[in-house]
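First comes the structure, then the notes that go with it.
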Amino acid sequence: MNMERYQQVFENNRRWAREKVEQNRNFFRILAKEQTPDFLYIGCADSRVPASEIMGLEPGDVFVHRNIANIFDNIDPNANGVLQYAIEALGVKHIVVCGHYGCGGVKAAMQSNDLGGLNGWLRNIRDVYRHNRNELNAIHDEGKRFRRLVELNVYEQCTNVIKTAFVQKSFLSKGYPTVHGWVYDLEDGLIQDLQVDFHGVLQEIREIYHLD
């Protein structure tokens, strides 16, 4: 184990904390009192996609939930607990589902391989492929098909978030949060807004998922 690399983390932390205090001597005192983020970020656990940094925001601005391939599974108690707390306790105004091109989880789901314990998790993405197989199979370039599945997975997870009672009840009573779908490009560091039609999706799914 590279202990030098490990110890460097603490030196980095001290330098970061010192710089924050130099910029604002009350930074940590204010931050310690409460968090009032406007955003809930549901993203991939990939180490190359750090939520606050790519958004250009500070500690306290973004409440974050991450997992393999930015899945929001409606029976996942972890994800649902984060969502409920973000809406009911923190009052977030925006919920962002952010995927990224080159996602290893999405790529694994495209393969016809038995991946053991990951099979159940990746089934979420394989179902996205199944529902969109005509569009995806018509894309002959494998790289472009991969990128499109990343986007379609984001759309699907946004829909899963909108299905929840937490989102529906809060939006109907308060006018927020709204749900957005993004894709981050590892090759240029830019975020693409997929322009998810939140109001349209909400209206459509409420014919079945009418939970308020």
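What ³J(HN,Hα) values, in whole Hz, does the Karplus curve 6.51 cos²θ - 1.76 cosθ + 1.60 give for segment 105-121 when θ = phi - 60°, with x put for Gly and Pro?
After applying 6.51 cos²θ - 1.76 cosθ + 1.60, I find x, 5, 4, 5, 5, 7, 8, 8, 10, 7, 10, x, x, 7, 4, x, 5 Hz.
By its C-alpha gyration tensor, with a ≥ b ≥ c as the square roots of the eigenvalues, how is segment 91-146 shaped: rounded for a/c under 1.5, else prolate for a/b larger than b/c, else oblate?
Details: a/c = 1.96, a/b = 1.31, b/c = 1.49.
Judged from the Cα gyration tensor, segment 91-146 comes out oblate (a/c at least 1.5, b/c at or above a/b).
Tell me, what is the 1.4 Å probe accessible area of R123, in Å² to the nearest 10?
Estimated to the nearest 10 Å², R123 gives 130 Å².
Note down the accessible area of F166, probe 1.4 Å, to the nearest 10 Å².
50 Å²
Leaving ligands, DNA and RNA out of it, report the carbon-plus-sulfur percent of the accessible area of segment 50-171 at a 1.4 Å probe. Please list the in-between numbers first.
On the way: 2740 of 5620 Å².
Whole-percent figure for carbon plus sulfur exposure: 49.
Could you give the accessible area per residue of the chain, probe 1.4 Å, as a whole number in Å²? Could the numbers behind the result be given before it?
On the way: 12320 Å² over 212 residues.
Counting only protein heavy atoms, the per-residue value for the chain is 58 Å².
Between Y209 and L115, what length in nm is gained on full extension when 0.36 nm per residue of separation is reduced by their alpha carbon distance?
The Y209-L115 span can extend by a further 30.6 nm.
Show me, for segment 8-20, the HN-Hα J-couplings you get by feeding each phi into the Karplus relation (A = 6.51, B = -1.76, C = 1.60, θ = phi - 60°), rounded to Hz, glycine and proline as x.
After applying 6.51 cos²θ - 1.76 cosθ + 1.60, I find 4, 4, 5, 5, 4, 5, 5, 5, 4, 4, 5, 5, 5 Hz.
Just round it to a whole percent: the fraction of Cα-Cα distances in segment 160-212 exceeding 15 Å.
50 percent
Kindly give Rg over Rh for the chain, based on alpha-carbon atoms, with the Kirkwood expression for the hydrodynamic radius.
1.01
Using a cut-off of 20 Å between alpha-carbon atoms, which aspartates and glutamates can reach K20, once sequence neighbours fewer than 8 places away in the same chain are excluded?
Within the straight-line limit of under 20 Å, K20 reaches these aspartates and glutamates: E11, E34, E53, E58, D61.
Cα axis of helix 165-174 to longest principal axis of the chain: angle in degrees, 0 to 90, nearest 10?
70 degrees
Largest first, what is the accessible-area ranking of W16, W121, W182 with a 1.4 Å probe? Before the final figure, lay out the partial values.
On the way: W16 100, W121 65, W182 40 Å².
The ranking, largest first, comes out as W16, W121, W182.
The values are calculated or read from the model by the stated rules, or taken from the named source; none is laboratory data. Worth saying up front: this structure is predicted, and the values here are computed from it rather than measured. What goes into the accessible areas is simple: the full protein's heavy atoms, side chains included, and nothing from ligands, DNA or RNA. Shrake-Rupley method; radii C 1.70, N 1.55, O 1.52, S 1.80 Å.
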